[in-house]
1. Of the residues that make up region 37-59, is at least one in contact with a His (Cβ under 9 Å, 6 or more places away or on another chain) and aliphatic (A, V, I, L, M)?
2. Scan region 96-121 and report the pairs whose first residue is of a type outside the set (S, T, N, Q) and whose second residue is outside any helix (DSSP H, G or I) and surrounded by 12 or more Cβ atoms within 10 Å (Cβ to Cβ), with Cβ atoms within less than 7 Å and a gap of 6+ or a chain change.
3. Within region 85-94, take every residue that is surrounded by fewer than 18 Cβ atoms within 10 Å (Cβ to Cβ) and touching a helix residue (DSSP H, G or I) at 6+ places or on another chain (Cβ under 6 Å) and give me the one that is nearest to Asp31 (Cα to Cα).
4. Could you go through region 82-94 and let me know if any residue there is in a helix (DSSP H, G or I) and free of Cβ contacts under 8 Å to residues at least 24 places away in the same chain.
5. Please verify whether region 51-70 includes one or more residues that are loosely packed, with under 13 Cβ neighbours inside 10 Å, under 12 Å from Gln33 (Cβ atoms) and charged (D, E, K, R).
6. For the condition at pLDDT 65 or above and touching a Cys at 6+ places or on another chain (Cβ under 6 Å), what is the one hit in Ile48, Ile38?
7. Could you list, in sequence order, the residues of region 96-124 that are exposed (fewer than 15 other Cβ atoms within 10 Å of the Cβ), part of a loop (DSSP other than H, G, I, E, B) and modelled with pLDDT of 95 or more?
8. Just to be sure I understand, how many residues within region 69-87 are at pLDDT below 95 and not hydrophobic (A, V, I, L, M, F, W, C)?
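The values are calculated or read from the model by the stated rules, or taken from the named source; none is laboratory data. Every value quoted in this text rests on a predicted model; they were computed, and no experiment measured them. Note that we place each Cβ from the backbone using ideal geometry, even for glycine, and neighbour counts take in every protein chain shown.
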Amino acid sequence: MLKHLLIILTVITICAGSARAQDAAAPFDNDLQRMSEILGALHYLRGICGNNEGNKWRNEMQALVDAETPSGERRARMIAGFNRGYNGFQQTYRTCTPAATIAIRRYIDEGSRISRDLTARYAN
(Lines give C-alpha, C1' and ligand atoms only; values in the text may rest on other atoms or scores of the structure.)
Protein backbone atom coordinates (compact mmCIF):
# COMPACT_ATOMS: atom_id res chain seq x y z
CA MET A 1 0.00 0.00 0.00
CA LEU A 2 2.90 2.36 0.75
CA LYS A 3 4.17 1.78 -2.79
CA HIS A 4 0.81 2.86 -4.20
CA LEU A 5 0.76 5.98 -2.03
CA LEU A 6 4.26 6.90 -3.19
CA ILE A 7 3.20 6.54 -6.80
CA ILE A 8 0.18 8.80 -6.23
CA LEU A 9 2.41 11.36 -4.51
CA THR A 10 4.74 11.25 -7.53
CA VAL A 11 1.81 12.11 -9.79
CA ILE A 12 0.91 14.98 -7.48
CA THR A 13 4.48 16.27 -7.68
CA ILE A 14 4.47 16.09 -11.48
CA CYS A 15 1.20 17.97 -11.64
CA ALA A 16 2.47 20.63 -9.26
CA GLY A 17 5.56 21.20 -11.38
CA SER A 18 3.72 21.59 -14.64
CA ALA A 19 3.68 25.19 -15.83
CA ARG A 20 0.66 26.22 -17.89
CA ALA A 21 -2.34 28.51 -17.87
CA GLN A 22 -4.91 27.74 -15.18
CA ASP A 23 -7.78 26.84 -17.51
CA ALA A 24 -5.82 25.46 -20.44
CA ALA A 25 -6.28 21.74 -20.93
CA ALA A 26 -3.23 19.73 -20.03
CA PRO A 27 -2.26 16.71 -22.14
CA PHE A 28 -2.80 14.51 -19.07
CA ASP A 29 -6.25 15.82 -18.06
CA ASN A 30 -8.00 12.59 -19.06
CA ASP A 31 -5.61 10.65 -16.83
CA LEU A 32 -6.24 13.07 -13.96
CA GLN A 33 -9.99 12.66 -14.38
CA ARG A 34 -9.65 8.89 -14.32
CA MET A 35 -7.38 9.10 -11.28
CA SER A 36 -10.03 11.27 -9.61
CA GLU A 37 -12.68 8.60 -10.28
CA ILE A 38 -10.41 5.92 -8.88
CA LEU A 39 -9.75 7.93 -5.73
CA GLY A 40 -13.50 8.45 -5.26
CA ALA A 41 -14.19 4.75 -5.70
CA LEU A 42 -11.42 3.82 -3.27
CA HIS A 43 -12.70 6.35 -0.73
CA TYR A 44 -16.05 4.60 -0.69
CA LEU A 45 -14.99 0.98 -1.12
CA ARG A 46 -12.16 1.01 1.40
CA GLY A 47 -14.56 2.56 3.90
CA ILE A 48 -17.16 -0.19 3.62
CA CYS A 49 -14.52 -2.90 3.60
CA GLY A 50 -13.33 -1.85 7.05
CA ASN A 51 -9.85 -0.67 6.20
CA ASN A 52 -10.02 2.08 8.86
CA GLU A 53 -8.33 4.59 6.58
CA GLY A 54 -10.76 7.40 7.35
CA ASN A 55 -10.43 10.15 4.77
CA LYS A 56 -7.15 8.90 3.32
CA TRP A 57 -8.38 8.69 -0.29
CA ARG A 58 -10.37 11.91 -0.06
CA ASN A 59 -7.24 13.59 1.29
CA GLU A 60 -5.24 12.17 -1.62
CA MET A 61 -7.79 13.73 -3.97
CA GLN A 62 -7.52 17.04 -2.16
CA ALA A 63 -3.73 16.88 -2.44
CA LEU A 64 -4.05 16.20 -6.17
CA VAL A 65 -6.37 19.19 -6.62
CA ASP A 66 -4.12 21.38 -4.47
CA ALA A 67 -1.03 20.38 -6.45
CA GLU A 68 -2.68 20.82 -9.83
CA THR A 69 -4.50 24.03 -8.77
CA PRO A 70 -7.07 23.78 -11.54
CA SER A 71 -9.73 26.42 -11.84
CA GLY A 72 -13.02 26.64 -13.62
CA GLU A 73 -13.95 23.72 -15.81
CA ARG A 74 -10.81 21.66 -15.10
CA ARG A 75 -11.44 21.79 -11.36
CA ALA A 76 -15.11 20.93 -11.84
CA ARG A 77 -14.21 17.91 -14.00
CA MET A 78 -11.75 16.57 -11.44
CA ILE A 79 -14.23 16.92 -8.59
CA ALA A 80 -17.02 15.44 -10.71
CA GLY A 81 -14.77 12.44 -11.44
CA PHE A 82 -14.18 11.84 -7.72
CA ASN A 83 -17.90 12.12 -7.00
CA ARG A 84 -18.75 9.82 -9.91
CA GLY A 85 -16.38 7.16 -8.59
CA TYR A 86 -17.76 7.47 -5.07
CA ASN A 87 -21.45 7.62 -6.00
CA GLY A 88 -21.24 4.80 -8.52
CA PHE A 89 -20.21 2.33 -5.84
CA GLN A 90 -22.35 3.87 -3.12
CA GLN A 91 -25.42 3.07 -5.21
CA THR A 92 -24.31 -0.54 -5.71
CA TYR A 93 -22.59 -1.68 -2.51
CA ARG A 94 -23.85 -1.31 1.05
CA THR A 95 -21.46 -3.85 2.55
CA CYS A 96 -18.10 -5.27 1.61
CA THR A 97 -18.44 -8.18 -0.78
CA PRO A 98 -15.90 -10.31 -2.65
CA ALA A 99 -16.71 -8.23 -5.75
CA ALA A 100 -15.96 -5.00 -3.83
CA THR A 101 -12.62 -6.45 -2.72
CA ILE A 102 -11.77 -7.31 -6.33
CA ALA A 103 -12.78 -3.80 -7.43
CA ILE A 104 -10.46 -2.29 -4.80
CA ARG A 105 -7.55 -4.38 -6.03
CA ARG A 106 -8.25 -3.48 -9.67
CA TYR A 107 -8.56 0.23 -8.92
CA ILE A 108 -5.30 0.26 -6.98
CA ASP A 109 -3.61 -1.52 -9.89
CA GLU A 110 -5.10 0.90 -12.44
CA GLY A 111 -4.21 3.94 -10.35
CA SER A 112 -0.65 2.66 -10.03
CA ARG A 113 -0.45 2.16 -13.80
CA ILE A 114 -1.73 5.67 -14.49
CA SER A 115 0.77 7.08 -12.00
CA ARG A 116 3.67 5.20 -13.60
CA ASP A 117 2.60 6.28 -17.10
CA LEU A 118 2.30 9.93 -16.07
CA THR A 119 5.65 9.79 -14.35
CA ALA A 120 7.31 8.26 -17.39
CA ARG A 121 5.80 10.80 -19.78
CA TYR A 122 5.89 14.05 -17.81
CA ALA A 123 8.57 13.80 -15.11
CA ASN A 124 11.39 16.30 -15.47
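1. no
2. If the second residue must be outside any helix (DSSP H, G or I) and surrounded by 12 or more Cβ atoms within 10 Å (Cβ to Cβ), the pairs left are Cys96/Cys49; Ala100/Cys49; Ala100/Tyr93; Ile104/Cys49; Leu118/Phe28.
3. Quick first cut of region 85-94, residues surrounded by fewer than 18 Cβ atoms within 10 Å (Cβ to Cβ) only: 87-88, 90-94.
Within this subset, residues satisfying the condition of being touching a helix residue (DSSP H, G or I) at 6+ places or on another chain (Cβ under 6 Å) are 90, 93.
Working: Gln90: 23, Tyr93: 25 Å.
Residue satisfying both the conditions and the ranking: Gln90.
4. Looking for residues that are in a helix (DSSP H, G or I) and free of Cβ contacts under 8 Å to residues at least 24 places away in the same chain, one finds none in region 82-94, hence no.
5. No - not one qualifying residue is present in region 51-70.
6. Numbers: Ile38 fails: touching a Cys at 6+ places or on another chain (Cβ under 6 Å).
Checking each option against the conditions leaves just Ile48.
7. Kept after step one, since they are exposed (fewer than 15 other Cβ atoms within 10 Å of the Cβ), are these residues of region 96-124: 97-99, 101-102, 105-106, 109, 113, 116-117, 119-121, 123-124.
From the residues that got through so far, the ones that are part of a loop (DSSP other than H, G, I, E, B) too are 97, 123-124.
Hit for region 96-124 is Thr97, nothing else.
8. Qualifying residue count for the region: 8.
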